[in-house]
Amino acid sequence: MMKQTRIPSDTLNRIALLAGLAFLLSAVEYTIPKPLPFIRLGLANFPILIALTCFSPPQVLLLVVLKILGQGLIQGTLFSYTFLLSASGSFSSALVMIFLYRWGGKRISLIGVSIAGALVSNLIQIYLAGFLIAGAAVALIGPPFLIIGLVSSVFLGILAQRFVQTSRWVKNVQHMDGTAE
Amino acid sequence: MTKLSPKILFLSGLLVLPAFLFQNNLPAKASQTALFIILCAAGSRRMLILPPLIAFFSVTLMNLLSPHGEVLITIGRFPITETALHTGLHRALTLIGLIYLSKLAITRHTRLPGTLGALIAKTFFFFERMTEEWKNIKEKRLLVKLDTLMLTLEAAPAAAKKTGSSAPSSRRASIMFALIFITGNWLLLVLTLAIPHA
């Protein structure tokens with residue numbers, strides 16, 4: 001018989017709280033002017049990095065779904081290429097980050113996880129941008145896109161690492177959900 | 001546009017989407033894009049002019065960098081080719097049009113159905129509380145401030161606000177708008193398919 005795996009309401013509340021933080025950070029990012037609409041600093045990935053240390057992989061993916069849909073609703077891009085690029089980048093990077101965090105153990109810090117996630121997300125987005133929008137000239141926007149992603153992912157990784165080490169909220173969640181290591 | 005029903009706006013956007021995506025006639029696509037921008041402006045949605053303009057020119061320029069088709073004009077040693085220009089304009093219009101169609105059809109009052117919709121509503125509740133609480137926390141250190149914010153909000157009752165109910169909407173006006181908007185866009189697609197060189 002299949003075991004039913006319902007997420008407890010407390011955990012759902014915490015996931016919604018982190019998703020709210022992702023909305024806030026994407027609203028902040030939205031106000032920063034960018035030369036192309038799909039170039040991103042990825043500030044909203046900060047809650048995903050935190051979630052890796054607190055929640056199970058399906059719960060992290062639920063957070064990613066909320067983040068993507070919320071960004072689409074806040075920025076009004078749900079029907080646009082921007083949304084498609086964001087969704088594919090977010091999902092691919094989340095899968096890679098979950099894999100590295102779960103199976104990398106202590107050999108990979110959140111900074112490394114953040115860099116790998118950004119790299120995968122940006123490569124997927126560059127490929128799709130080339131296919132849908134920019135054509136072969138995507139080779140020109142690729143390098144700056146990857147460099148911006150690398151710098152911001154290092155910065156976010158450092159912040160996330162420090163937050164996880166010092167945050168009382170993270171400790172509470174890890175203790176309650178039994179994810180403390 | 002604020003008085004139109006978010007649900008009907010969302011459905012209208014969804015139904016107009018194929019009529020816009022399948023439109024290959026450049027002037028028709030430009031008209032649709034202009035219509036979406038005008039309707040967004042009329043609905044007093046917050047509009048930034050510069051980012052879409054930069055996006056439009058940069059996408060067109062990027063496509064011109066791969067010359068294809070008959071040379072129309074040469075600027076210095078750089079040839080502007082017909083097919084590359086057509087492809088660039090088509091892609092740029094699609095990008096900008098989709099962004100504005102999206103802005104038009106999706107408001108913050110749009111509520112998605114089901115359990116996921118309820119969870120998104122709860123997330124919006126936390127998002128709004130965060131923007132309010134952030135100013136009230138006196139802590140200067142960013143990460144400590146963030147931690148305090150998370151602890152404060154987790155302790156707060158998580159009453160999900162119904163995002164769909166905050167703006168009163170006129171059902172009749174919404175349906176009228178939807179009918180004209182959907183029919184107009186589909187009619188344009190049918191006309192351009194029936195008379196390809198119009």
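The values are calculated or read from the model by the stated rules, or taken from the named source; none is laboratory data. Quantities reported herein were computed from a predicted structural model and do not represent experimental measurements. Cβ sites come from the backbone with ideal geometry, for glycine too, and all protein chains shown count toward neighbours.
Buried (at least 20 other Cβ atoms within 10 Å of the Cβ), away from every other protein chain (no Cβ under 13 Å), among the hydrophobic types (A, V, I, L, M, F, W, C) and under 21 Å from the mean Cα position of the chain (by Cα): does that describe residue B:35? Considered against the rule, which asks whether it is buried (at least 20 other Cβ atoms within 10 Å of the Cβ), away from every other protein chain (no Cβ under 13 Å), among the hydrophobic types (A, V, I, L, M, F, W, C) and under 21 Å from the mean Cα position of the chain (by Cα), residue B:35 comes out as yes. Residues in the range B:115-153 that are closer than 13 Å to residue A:66 by Cα and aliphatic (A, V, I, L, M): B:116, B:118, B:119, B:120, B:121.
The set of residues from the range B:105-129 being closer than 12 Å to residue B:153 by Cα, at pLDDT 80 or above and either surrounded by fewer than 21 Cβ atoms within 10 Å (Cβ to Cβ) or in the same structural domain as residue B:41 (by TED's automatic domain parsing) (or both) comprises just one member, B:129. For the range B:49-79, the set of residues classified as loosely packed, with under 15 Cβ neighbours inside 10 Å, more than 15 Å from the chain's Cα centre (by Cα) and β-branched (Val, Ile, Thr) consists of B:71, B:73, B:74, B:75, listed by residue number. If the condition is being at pLDDT below 90 and either exposed (fewer than 15 other Cβ atoms within 10 Å of the Cβ) or among the β-branched types (Val, Ile, Thr) (or both), then the range A:147-158 contributes A:147, A:148. Based on what the data block shows, is residue A:115 modelled with pLDDT of 90 or more and touching a Pro at 6+ places or on another chain (Cβ under 6 Å)? Criteria not met by residue A:115. Figure legend. Inter-residue proximity from the range A:123-151: first residues of a type outside the set (A, V, I, L, M), second residues not in a helix (DSSP H, G or I), beta-carbon distance below 7 Å, spacing 6+ or different chains. Indicated pairs: A:125/A:38; A:135/B:66; A:145/A:39; A:149/A:42.
All of B:26, B:85 fail the test of being in contact with a Gly (Cβ under 9 Å, 6 or more places away or on another chain) and in the same structural domain as residue B:174 (by TED's automatic domain parsing), apart from B:85.
Just to be sure before I move on: is residue A:83 within 14 Å of another protein chain (Cβ to nearest Cβ) and closer than 15 Å to residue A:64 by Cα in the structure I sent? Spelling it out, residue A:83 is indeed within 14 Å of another protein chain (Cβ to nearest Cβ) and closer than 15 Å to residue A:64 by Cα. Is it the case that residue A:96 is at pLDDT 80 or above and surrounded by fewer than 21 Cβ atoms within 10 Å (Cβ to Cβ)? Yes: the conditions hold for residue A:96.
Elements of the type helices (runs of 4 or more DSSP H) sitting completely within the range B:40-159 and holding at least 2 residues that are within 8 Å of chain A (Cβ to nearest Cβ), out of contact with any helix residue (DSSP H, G or I) (no Cβ under 9 Å at 6 or more places or on another chain) and free of Cβ contacts under 8 Å to residues at least 24 places away in the same chain: these cover B:50-64.
Hey, residue A:105 hits all of (1) on the phi < 0 side of the Ramachandran plot; (2) more than 7 Å from every other protein chain (Cβ to nearest Cβ); (3) of a type outside the set (Val, Ile, Thr) but one; which does it fall short on? Status for residue A:105: all satisfied but (1). Can you name the residue in the range A:22-49 that is modelled with pLDDT of 75 or more and closer than 14 Å to residue A:149 by Cα and is also farthest from the other protein chains (Cβ to nearest Cβ) among such residues? Among them, the one singled out is A:42.
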